[in-house]
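Read the figures in this text as sums done on the coordinates, not as results from a lab. Since the structure is predicted, the reported quantities are computational estimates derived from the model, not experimental observations. Using ideal geometry, Cβ is built from the backbone for each residue, glycine included, and neighbour counts are taken over all protein chains shown.
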């Protein structure tokens, strides 16, 4: 916990030392490449809806199964981004045996509300760029505001070959320091992404398209690896830990296609593989109570982005 707080202080010092952002060419956001919001400061309004699905998986020891459907709605304007996420859990046999409860299900839905503000968006050279966002979040089962966190997200990207970008991104959100066991949110990501224009030019340079191929100028591609832990406040009548906390831990690998038929619309879709998964329960003071490991599972992701 002390190490994380020290890291946040160092990040704040860096923010004061780096000059303000300047306008940059657009990098189309791709899943997990920009854990932060789209980094371009713009007067355009962006509306985004995405859905992800994680297939049914066993808890270690065979004590129940669960699958998850998550939907997120976001609005992006100027330097601000507001988003709401709903994760719906579908339990087999209620999940009661896993968490030693007589309730039908340990929990059904988890909610999170996030407000981001872009602080930095700069180029270091023609090849390097970086971005940093401030973030305020609220994560809960039933009772708003639940687990309230404050922190930063951002990253560094390198154009290593004619528009092919390699990016490293990170997020750290701290909730109230109730116990050294509990932290709000941590996420690290590594991704390779290519824009529509760069992908088309690469295919042409390789001789795959000697002429104009319909649609190739509208397709982008990315692959990503990420690991994350996110904390939610459980309800006051939770059957597993009243007024306690739930930490969701996962690692994920995915491959995504982006399709932009025009300047207003972007559609993204791709398979994902979720592994190294845990559900961690904390008491009301933030002390770790138990940890439950989940098997790996396949899933998928889809997104619609509208720019006005």
Checklist entry - Hey, with R₀ at 41 Å, roughly what FRET efficiency would residue 237 and residue 49 work out to, going by the Cβ-Cβ distance, to 0.05? => result 0.85
Checklist entry - For 234, 178, what's the fewest-to-most ordering of other Cβ within 10 Å of each Cβ? => result 178, 234
Checklist entry - Each label point is 7 Å from the Cα along the Cα-to-Cβ direction; what then is the distance between the points at residue 161 and residue 219, in nm? => result 1.8 nm
Checklist entry - Once you put a point 7 Å from the Cα of residue 275 and another 7 Å from the Cα of residue 304, both along the Cβ direction, what distance in nm separates them? => result 3.4 nm
Next on the checklist: Please arrange 137, 285, 238 by how many other C-beta atoms lie within 10 Å of their C-beta, fewest to most.
Outcome noted: 285, 238, 137
Checklist entry - Given labels modelled 7 Å from the Cα in the Cβ direction, how far is it in nm from residue 67 to residue 122? => result 4.8 nm
Checklist entry - Given that compact globular proteins tend to follow 2.2 N^0.38 Å, what is the ratio of the alpha-carbon Rg of region 128-169 to that value? => result 1.76
Checklist entry - Among 80, 144, 152, what is the fewest-to-most ranking by other Cβ atoms within 10 Å? => result 144, 80, 152
Checklist entry - Once the Cβ-Cβ distance between residue 251 and residue 176 is put in as r, and R0 is 22 Å, what FRET efficiency do you end up with, to the nearest 0.05? => result 0.25
